[in-house]
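The values are calculated or read from the model by the stated rules, or taken from the named source; none is laboratory data. Because the structure is a prediction, the values reported are computed rather than measured. Cβ atoms come from the backbone with ideal geometry, glycine included; neighbour counts cover every protein chain shown.
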Amino acid sequence: MIVSQAASTLGRFAPAPAPGAREILRWAKYHALRSGIWFPVLVLALRFAGAPGAYAAFSLLILYALRGPSQAIKALFLSWLLSHLSPGLVETPAGVEVLRILCLMAALTSAVLASFKSQNALLMGRTVSGFVLFGGFCLVHSAVVSYAPDVSVLKAVSFLVMTMALSICWFSRRVNVERLQGWIFFWLAAIALASAPLLMMPMGYLTNGHGFQGILNQPQVFGMTMALTGAWIGGRMLRLRAFSSIDIALAALVILMLFLSESRGAMLAAAGGLALSYLLARSLSLRTIRSAFKNLRHKRVFVLIVCSLFTGALFFDKVSAMVERTISKRSDNQTISSAFDASRGALISRSMQNFYANPVLGIGFGVASNPADLKVKREPVFGLPVAASVEKGNMYSAILEEIGFAGFLLFSGLLLVLLNSICRSGQLEMVWLFFAALLVNLGEAVLFSPNGIGLLVWIILLMATSARSAKRAAAT
């Protein structure tokens, strides 16, 4: 009796099995089960129960976010997922934007109440200080410079609340970083697997009839999500030499869906993130990351590449037509440069014109290039703006336009602080995710949209930043 009790006690406190080769999905499943999957299933079920169910789901997320820093991150991830489901599956009722803002506030409250202690106080201090400095600049700038100060101030507040909540939560002592990574990876893989049946159904191409969007609301959103998921899968496969048939099949499915989404920016982000990771590892002599690239010589990777080329040769006509359509976006443009100019060049040119006219401070945080194009959605009680989406062709030209060269320098410094922390983790997938998240913004300025896919991007970015503290905690 005593022996069995001792064995059960030791089993209870035994460390989780280290993920090795052929165990990426097993690792994700293990940590997802440990972190709980029943609450996400509940809120997803409520989301499909009409408008009352949607309000109940988001209300539960607000309460869930108050339970602790780990629950706050999960609540924000689920808030993003519930808000970006395909309209062919479920309609989004009015007033959800307000509930999403309240979820952000609940996450920040939970983070502050959980204390500022972390696995690495100095590292978290640098990250939080960077966001406070940049966010404070944007707040003052919005009140003084912007032609729509109420919109700019609330956008700056939303951005600061989101990043502060995530950065504090990810470094909290109460957060098991690896377990939470597995939970997020599990649900990203679930999005890909749940979207697979829609590959042969019109609902999978609902927005424009040709770009695959899966279970999400837009092909661009789905493409960005698959780009981040693919970078995570690919980096982890290379680092762990996990080249089982299941791993290869999941990676191939994500690559296929990414290509079918016709999201050029997402494709560039996935491929460019890998190339930049290699160049960074070479230039800074990051041995752990450089060693992962040697696994590209694995025979199963070679077989995958050969099979892909052979399949492409068999269906050359279909593949070439798809490539041409992806590049030209079904327009009459015959070259990549002309297609880019038609889709993004005009937006970037307008942003740069505003920057040249206001080079130091810009025109205002989060506002449209043309004031007439700014469409603001306000809540009915106090008339506060809750949504004011603007289309910018490129995040970096948008930063120069909106907050000028001064703000651009501050933001660049913030990115360097994050990159320094990520490189010290020694994990290829985290460096790849960092560059993929930044390259996604070459074609879509999403990084400053807490109510859009920017929330997912920052969850991933700050998860990568916290990987260093998780590594140190595991070593102690």
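Here is how the numbers come out for the structure above:
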read-out: Exclusive hit being at pLDDT 90 or above and either at negative phi or in a helix (DSSP H, G or I) (or both), set L193, L199, L154; value: L193
read-out: All positions within segment 275-299 that are in contact (Cβ under 8 Å) with a residue 40 or more places away in the chain and among the hydrophobic types (A, V, I, L, M, F, W, C); value: L276, L280, A281, L284, L286, I289, A292, F293, L296
read-out: Residues satisfying the stated conditions in segment 206-221, i.e. crowded, with 22+ Cβ neighbours inside 10 Å and not polar (S, T, N, Q); value: G211, F212, G214, I215, L216, P219, V221
read-out: Criterion: modelled with pLDDT of 90 or more, small (G, A, S) and either more than 23 Å from the chain's Cα centre (by Cα) or not in a helix (DSSP H, G or I) (or both) - qualifying residue of A56, A75; value: A56
read-out: Single unsatisfied condition, P69 versus (1) at pLDDT 80 or above; (2) surrounded by fewer than 20 Cβ atoms within 10 Å (Cβ to Cβ); (3) of a type outside the set (K, R); value: (2)
read-out: Residues that are touching a Pro at 6+ places or on another chain (Cβ under 6 Å) and either in a loop (DSSP other than H, G, I, E, B) or polar (S, T, N, Q) (or both), drawn from segment 157-190; value: S158, S172, R174, V175
read-out: Conditions (1) out of contact with any strand residue (DSSP E or B) (no Cβ under 9 Å at 6 or more places or on another chain); (2) closer than 22 Å to A106 by Cα; number of the one not met by V151; value: (1)
read-out: Every residue from segment 440-454 that is touching a Ser or Thr at 6+ places or on another chain (Cβ under 8 Å) and under 20 Å from S86 (Cβ atoms); value: S449, N451, G452, I453
read-out: Total residues in segment 441-473, condition touching a Gly at 6+ places or on another chain (Cβ under 6 Å) and in a helix (DSSP H, G or I); value: 1
read-out: Positions within segment 60-70 being in a helix (DSSP H, G or I) and in contact with a helix residue (DSSP H, G or I) (Cβ under 7 Å, 6 or more places away or on another chain), in sequence order; value: L60, L61, I62, Y64, A65, P69, S70
read-out: Residue in segment 396-414 that is assigned to a helix (DSSP H, G or I), crowded, with 23+ Cβ neighbours inside 10 Å, at pLDDT below 90 and hydrophobic (A, V, I, L, M, F, W, C) present; value: yes
read-out: Some residue of segment 93-100 being part of a helix (DSSP H, G or I), β-branched (V, I, T), closer than 26 Å to G204 by Cβ and modelled with pLDDT under 90; value: yes
read-out: Boolean, M203 is touching a residue at least 12 places away in the same chain (Cβ under 8 Å) and surrounded by 15 or more Cβ atoms within 10 Å (Cβ to Cβ); value: no
read-out: Test for L42: is it assigned to a helix (DSSP H, G or I), within 22 Å of G182 (Cα to Cα) and within 19 Å of the chain's Cα centre (by Cα); value: no
read-out: Segment 362-385 - residue that is surrounded by 17 or more Cβ atoms within 10 Å (Cβ to Cβ) and not β-branched (V, I, T) and, of those, modelled with the lowest pLDDT; value: P385
read-out: Segment 237-248 residues that are more than 16 Å from L428 (Cα to Cα), paired with ones that are of a type in the set (D, E) and part of a loop (DSSP other than H, G, I, E, B) (beta carbon under 9 Å, 6 or more apart); value: S244/E23; D247/E23
read-out: Pair list, Cβ < 6 Å and 6+ apart or interchain, from segment 46-68 residues that are β-branched (V, I, T) to residues that are assigned to a helix (DSSP H, G or I) and modelled with pLDDT under 95; value: I62/L102; I62/C103; I62/A106
read-out: Matching residues, segment 223-249, being among the hydrophobic types (A, V, I, L, M, F, W, C), surrounded by 21 or more Cβ atoms within 10 Å (Cβ to Cβ) and more than 21 Å from I289 (Cα to Cα); value: M224, M226
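Listed here are the residues, each with its yes/no results for (1) out of contact with any Phe, Trp or Tyr (no Cβ under 7 Å at 6 or more places or on another chain); (2) among the acidic types (D, E).
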| position | (1), (2) |
| --- | --- |
| A194 | yes, no |
| G211 | no, no |
| T225 | yes, no |
| W232 | no, no |
| R241 | yes, no |
| D247 | yes, yes |
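To keep it simple, each residue is scored yes or no on (1) crowded, with 21+ Cβ neighbours inside 10 Å; (2) touching a helix residue (DSSP H, G or I) at 6+ places or on another chain (Cβ under 8 Å).
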position	(1), (2)
L44	no, yes
A56	no, yes
C103	yes, yes
A106	yes, yes
G125	no, no
